[in-house]
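Working notes for the structure below.
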């Protein structure tokens, strides 16, 4: 959802910017006194500034309500399955590789050598969640699978020449059923 | 033509330094673009190179493009700033020489010793690689980058020292005396001085952070028993990398202030709003590197929130003051578009357009599903390719016109049109690949990601052709530029040229 939103927003805003710049570029031939332009321009700028700040405040307010950072209390209350994830050049080692739909999972992600990136992809190769895998640190990602199937963990932080082969498949099943969702 | 605050002549040696910087910039740019095409076609399955070579090329492409933008930005900044502040041109030459040696060392590291740890060389990767492939590659690379950093630091110290001397303190270069009511002046220093002060503060900090992490890496390579905290190293790496890359445009934008104001025959004065905006830009640029760490959950949450909130805020100075000012200054100005003025104006669009996907990606919930996908190069290729690089190319044309009375050719406009259209194609392909979650820095791509790579690669071929054209035109015309005329003569020449063309 966020990928689609980011794409649409970017296309619309960049197009709008192009229209503004092209419009102004076409209005340069006739010279008029700068003073009135400055006075009017500064008046408009106040509203432009207030509008931008307002949009940023609203975006901040809504986007910060649902941060992906680990909430230990909530994870404990949900009885999340704890999975230890270790990154190595160039493979992933997971303490468990099978999961169930609807079951909260807490991925404790670390690295045993260099920086890696833990990127969780669905069957359509859409990125669902990620965190960095760092030597000496454990980053926690909470995730609940909503569909059965085969998921992939890709490395999302450059870790040397085998970076692109660092892929791990995990399986998500319906509770008490198969990974394709057909019980 | 507007009257400028010209005080000092630009010396012959300074001009040689500026042209030298531009020559190295253009050469490196073309080479790095060719590397970019090779990577995209390899990802798109059209050609096949070994992953080892791919990642060596990727490493050089990253550091090369940042270095190119820094050298080009430095040329612009030095050229215009030296009108207001008497700079020692020998320092500019020192920067050029150290940069060329540094570039040679980086190329040796990558293509002789197969160094491939990316331009971000995240600790402890260089040490691990050195154990596997020998330490020569890492040593050449890290010391090469360090040498380039030393050159730039010497240059910033010279600029900072002279600004402080001229304006009674470095912070007065950012207009603090006016902002805090210690002077009756209505305007602060020239925009070139304000921007240069900001760059001196930000990039000196960045270089010190970078030097620290480079020394840490070197120590760890020489003695693996001495280890450092990986998260601290990451902070230092991005405090260096983000700020240094970001500041390239703050050096180059000096050309926008000078050239658009001159062509529009309107003053671009540093009023209070302008100065406050640049002070906030300085602060935000130093702070917002933490948006590179949004997926490092071990970082304190308040620091990550700063990464989002101040990344948003960092868009305000450019959107409300600099880009808005560019629109105002050309509007109904009677300005005649040529390569210099047109490309400088286009670059302001590129800057703001590049900021849009960056600000969106700095939103933590978005970053969670887009960080380290191709969305990220989509943002910074817009910023660098349609912003900084366009400013540098615009300055090349301005320089030849101002110093050598050289005129644009219709071929230049065709090249500019090709460059712009296909650059939008390239950045569009990157952003689309980010939307479909294609990871960045992968030598081999899945079939579903390849179409965007091919579109990007073909677009990049046209961009490269246009850039070669710009460069050939620059080299062909630069020989006509004089080496000893003063700024006043330059202004007179430009005025005469404008009258002729109108």
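The values are calculated or read from the model by the stated rules, or taken from the named source; none is laboratory data. Treat the numbers as computed from the prediction; the structure is a model and nothing was measured. Every residue, glycine among them, receives a Cβ derived from its backbone with ideal geometry; neighbour counts consider all protein chains shown.
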Per the list (1) at the interface with chain B (Cβ under 10 Å from one of its Cβ atoms); (2) in contact with a strand residue (DSSP E or B) (Cβ under 7 Å, 6 or more places away or on another chain), residue check on residue A:162 breaks on (2)
Which condition from (1) surrounded by 23 or more Cβ atoms within 10 Å (Cβ to Cβ); (2) within 30 Å of residue A:66 (Cβ to Cβ); (3) more than 7 Å from chain A (Cβ to nearest Cβ) is the one that residue B:376 breaks?
(1)
Taking the residues in segment B:425-477 that are over 23 Å from residue A:124 (Cβ atoms) and within 14 Å of chain A (Cβ to nearest Cβ) as candidates, determine which candidate is surrounded by the fewest Cβ atoms within 10 Å (Cβ to Cβ).
B:425
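Among the candidates B:247, B:326, which residue alone is farther than 23 Å from residue A:20 by Cα and part of a helix (DSSP H, G or I)?
Criteria check complete, one pass: B:247.
Against the condition without any contact (Cβ under 8 Å) to a residue 24 or more places away in the chain and more than 8 Å from chain A (Cβ to nearest Cβ), how does residue B:251 come out, does it pass?
no
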Keeping to segment B:387-405, report how many residues are under 11 Å from the mean Cα position of the chain (by Cα) and either more than 17 Å from residue B:77 (Cβ to Cβ) or surrounded by fewer than 24 Cβ atoms within 10 Å (Cβ to Cβ) (or both).
0
When you check residue B:121 against the structure, is it touching a residue at least 60 places away in the same chain (Cβ under 8 Å) and part of a helix (DSSP H, G or I), yes or no?
no
Here the residues within segment B:85-95 that are buried (at least 23 other Cβ atoms within 10 Å of the Cβ) and part of a helix (DSSP H, G or I) are B:92, B:95
Segment B:315-365, subset in contact (Cβ under 8 Å) with a residue 60 or more places away in the chain and within 18 Å of residue B:282 (Cα to Cα), residue nearest to the other protein chains (Cβ to nearest Cβ)
B:351
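Yes or no: residue A:52 under 20 Å from residue B:290 (Cβ atoms), within 12 Å of another protein chain (Cβ to nearest Cβ) and surrounded by fewer than 19 Cβ atoms within 10 Å (Cβ to Cβ)?
It is false that residue A:52 is under 20 Å from residue B:290 (Cβ atoms), within 12 Å of another protein chain (Cβ to nearest Cβ) and surrounded by fewer than 19 Cβ atoms within 10 Å (Cβ to Cβ).
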Filter segment A:21-37 down to residues that are within 7 Å of chain B (Cβ to nearest Cβ) and part of a helix (DSSP H, G or I) and give me whichever is nearest to the chain's Cα centre (by Cα).
A:21
If you check residue A:85 against the conditions, is it assigned to a strand (DSSP E or B) and over 20 Å from residue B:437 (Cα atoms)?
yes
Unique residue being more than 24 Å from residue B:376 (Cα to Cα), at pLDDT 95 or above and surrounded by fewer than 19 Cβ atoms within 10 Å (Cβ to Cβ) when the list is A:162, A:176, A:149, A:181
A:149
Total residues in segment B:413-442, condition more than 26 Å from residue B:366 (Cβ to Cβ) and part of a loop (DSSP other than H, G, I, E, B)
0
Using the structure shown, decide if residue B:113 is within 14 Å of another protein chain (Cβ to nearest Cβ), at pLDDT 95 or above and surrounded by fewer than 21 Cβ atoms within 10 Å (Cβ to Cβ).
yes
When the residues of segment A:94-132 are narrowed to those that are away from chain B (no Cβ under 11 Å) and in contact with a helix residue (DSSP H, G or I) (Cβ under 8 Å, 6 or more places away or on another chain), which ends up surrounded by the fewest Cβ atoms within 10 Å (Cβ to Cβ)?
A:104
